[in-house]
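What follows is calculated from the coordinates using simple rules that are stated; it is not laboratory data. In this text, all values refer to a predicted model and were calculated from it rather than measured experimentally. Neighbour counts run over all protein chains shown; Cβ positions are idealised from the backbone, glycine included.
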Amino acid sequence: MPANAIPAELRKAKPLEGAPSSSDFQFLLAAIQKVEQRDKIQAPGRRVQVDDEGQPQVPANSPIGNPLRLRPVLDALASLCVSKPRGEVVAIAMECAADTSVTFRVATNSEVPTATVNHLQSMLRKMQEVSSSYRKNKATQSHEVTPDQQTMGLTNSLVYMCIDFSFEKWKKRIHSKLEPFLSIPHNDLPKAHPFVKTRVCIRGLVHLYKNKPQFSDQEEWRSLVIHLQDTQKATQAFIETKPVVGAESRRYEKFPSIETYLIKVNSLINHLGALVRATRSPHCEALLNKQCWAKHLPSMSTKVAAVPNTPEEWEAVLEKAASVQPTDYDLDLNVIRGDSRFMAQSDIPRDISVHCEIKILLDIFRNESPAYTYIGVSKLSCRGCHAFFAAFNNIHDTHFLTRGSHGKSYFPWQFPLNFPKSNAVADKAYRLLAERWVPTYHGYRPRMVHLQPDSTAGSGAQEIELGDRREDDNTLSLEVLTADLPETGNH
């Protein structure tokens with residue numbers, strides 16, 4: 001231990017007294033967020049949900065033959081329904097009613113704006129028009145289908161209206177990490193280098209995103225879409241060079257998240273592609289022939305009567321998390337009390353709301369509707385929602401899915417009330433959250449144990465025969481064994 005190190009003051013965590021409640025879950029989430037924001041850390045993301053064999057989890061109640069086909073479509077619809085540059089999250093799910101109609105549930109973390117509902121309805125209507133035109137054109141061709149002028153015009157109209165509505169979101173996304181990206185040295189690289197090509201494309205997008213074109217200016221929209229496609233090709237070629245771990249990794253070491261940034265920039269063209277492919281997919285043909293309705297869900301919020309405020313109250317929150325595994329971890333009181341004082345410096349919000357993907361999950365569950373159990377989201381789910389989904393599926397034996405979690409904790413966050421087995425779900429969600437966080441927090445020390453005998457040495461004295469021992473062989477005496485050793489006077 002260094003001379004100036006402060007010895008750890010360790011104490012055993014108290015065993016849990018009763019099942020953790022929904023409030024316990026909310027307060028632990030708030031504590032985790034405070035630590036993450038201060039230390040600029042987060043849990044590893046879980047972007048692809050797979051089964052025990054590593055295959056993508058398949059949603060239940062699929063209205064089409066390929067259950068995985070609709071996942072990117074719902075994610076695209078949700079992402080393209082976001083009009084604000086920050087702070088807005090949208091979730092969308094779908095449900096087929098008999099053979100006549102499809103209902104698309106849409107929710108945000110607060111009230112859904114009327115403009116969002118109208119835009120979703122317009123996107124669905126335009127997708128139906130594109131699909132219908134494509135099928136009519138296909139019926140007249142016996143070879144590979146080439147979209148006719150009418151179909152291409154409708155497709156462009158769909159694409160332009162989607163970018164127009166969410167323009168500010170994508171503009172912010174490209175500017176989010178622009179400075180570290182442009183600061184990467186490149187003057188020594190040839191013009192044909194993948195990074196140089198990508199850099200040129202990004203700079204072009206920045207220029208095109210300066211001002212949103214008038215919706216009637218088809219050439220401006222066309223130029224933007226073409227540039228988005230060129231950027232996608234350039235960045236894919238660049239990412240294939242493995243910039244972070246490849247031979248030129250030192251060039252990009254000051255911007256280790258370069259690949260994530262480029263993937264986010266390309267997400268717009270990927271979402272647009274998902275919608276266009278759906279209009280031409282034989283799997284989605286029957287679906288788009290039905291009536292499509294948008295149904296928005298109301299806000300679910302409340303005001304919490306009491307929240308942790310004092311260092312002692314925050315210390316109790318941190319200790320309770322360790323109590324989930326009381327035999328594995330001790331409390332480092334020097335760390336926990338210091339962090340508890342830090343947490344008490346600022347109040348947490350009392351006004352909290354249920355996040356959008358959870359609202360949709362509960363609406364489907366309460367109505368006992370055979371809805372498709374994949375919920376599209378405009379961004380990856382937070383740590384709290386990810387734990388809630390896992391706990392809910394475990395307790396209710398359901399199969400609700402989103403595209404994964406980014407690993408960050410967000411507060412305000414409300415645990416929903418008054419749904420079947422809510423106490424059991426709260427208990428399970430709390431344990432899942434604590435079990436994943438406790439091993440990563442430096443205020444909890446793994447419990448030390450006394451050294452045990454080496455498991456390879458055996459537990460008792462057993463005779464082991466080695467070599468070709470004969471009956472007339474005798475054991476050598478100590479005098480014989482030490483005959484050649486020098487006299488040291490201290491045997």
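What number in nm² do you get for region 113-296 if you take the convex hull of its Cα atoms and divide its surface by four? Kindly include the intermediate steps, with their values, before the conclusion.
On the way: hull surface 53.0 nm².
Average projection, Cα convex hull of region 113-296: 13.2 nm².
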* **Hz values of 3J(HN,Hα) by residue in region 295-309 - Karplus curve (6.51, -1.76, 1.60), Gly and Pro given as x** => 10, 9, 9, x, 5, 10, 9, 7, 10, 6, 6, 9, 9, x, 10
* In sequence order, calculated HN-Hα J values of region 8-16 (Karplus, 6.51, -1.76, 1.60; Hz; x Gly/Pro) -> 6, 9, 9, 8, 5, 6, 6, x, 4
* 5 angstrom amide H check on Tyr329, placed H, neighbours 5+ away -> Arg447
* Structure fact -> Shape descriptors of region 339-449 over alpha-carbon atoms, Rg and Dmax in angstrom, are 15.8, 52
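Of the cross-linked pairs Lys84/Lys359; Lys171/Lys359; Lys84/Lys428; Lys136/Lys197; Lys172/Lys233; Lys34/Lys295, which ones have a Cα-Cα span greater than 31 Å in the structure shown? Kindly include the intermediate steps, with their values, before the conclusion.
On the way: Lys84/Lys359 21 Å; Lys171/Lys359 29 Å; Lys84/Lys428 34 Å; Lys136/Lys197 40 Å; Lys172/Lys233 21 Å; Lys34/Lys295 35 Å.
In this structure, Lys84/Lys428; Lys136/Lys197; Lys34/Lys295 exceed 31 Å between Cα atoms.
Treat every Asp and Glu Cβ in region 301-346 as -1 and every Lys and Arg Cβ as +1, leave all other atoms uncharged, and give the resulting dipole magnitude about the Cα centre to the nearest 20 debye.
Values: 4 positive and 8 negative charges, 60 e Å.
So the dipole magnitude of region 301-346 works out to roughly 280 debye.
Just in region 180-211: which trypsin sites (Lys or Arg not before Pro) are loop by DSSP and have at most 12 other Cβ atoms within 10 Å? Mind showing how you got there, number by number?
Details: sites: Lys191, Lys197, Arg199, Arg203, Lys210; in loops: Lys191, Lys210.
Within region 180-211, the qualifying trypsin sites (Lys or Arg not before Pro) (loop, at most 12 other Cβ atoms within 10 Å) are Lys191, Lys210.
What trypsin sites (Lys or Arg not before Pro) does region 51-151 have in DSSP loop regions with at most 16 other beta carbons within 10 Å? Each step should come with its number before you reach the end.
Details: sites: Arg69, Arg86, Arg105, Arg125, Lys126, Arg135, Lys136, Lys138; in loops: Arg69, Arg86.
Sites meeting the loop and neighbour criteria: Arg86.
Within 10 Å of each candidate Cβ there may be at most 13 other Cβ atoms; applying that plus a DSSP loop requirement, which trypsin sites (Lys or Arg not before Pro) in region 251-282 survive?
Working: sites: Arg251, Lys254, Lys264, Arg277, Arg280; in loops: Lys254.
When the trypsin sites (Lys or Arg not before Pro) of region 251-282 are filtered for loop state and at most 13 Cβ neighbours within 10 Å, Lys254 remain.
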* Structure fact -> Between the alpha carbon centres of region 246-272 and region 273-347 the gap in Å comes to 27 Å
* To do: Tell me which residues come under 5 Å, amide H to amide H, from Phe419 once H is placed; ignore anything under 5 positions away on its chain.
  => none
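Suppose every K and R has +1 on its Cβ and every D and E has -1 on its Cβ; what is the size of the dipole of region 113-296 about the Cα centre, in Debye to the nearest 20? Display every interim value, and only then the final one.
Details: 27 positive and 16 negative charges, 70 e Å.
Taking the Cα centre of region 113-296 as origin, the dipole is about 340 debye.
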* Structure fact -> Over the chain, the sum of -39500 (n - 2.57) across DSSP H runs of at least four, divided by residue number and rounded to 500 deg cm²/dmol, gives at 222 nm -14000 deg cm²/dmol
* Asked: So how do 165-172, 177-184, 300-307, 354-361 stack up, highest first, on mean other-Cβ count within 10 Å?
  -> 354-361, 165-172, 177-184, 300-307
* Asked: Around Gly45, which amide H atoms from residues at least 5 apart in sequence, or from another chain, sit under 5 Å from its own amide H, with H modelled in the peptide plane?
  -> none
* Counting Lys and Arg as +1 and Asp and Glu as -1, each charge on the Cβ, what is the dipole of the chain about the Cα centre in debye, to the nearest 20? -> 3280 debye
* Using Cα atoms only, what is the angle between the long axis of helix 356-366 and the major principal axis of the chain, expressed in degrees (0 to 90) to the nearest 10? -> 80 degrees
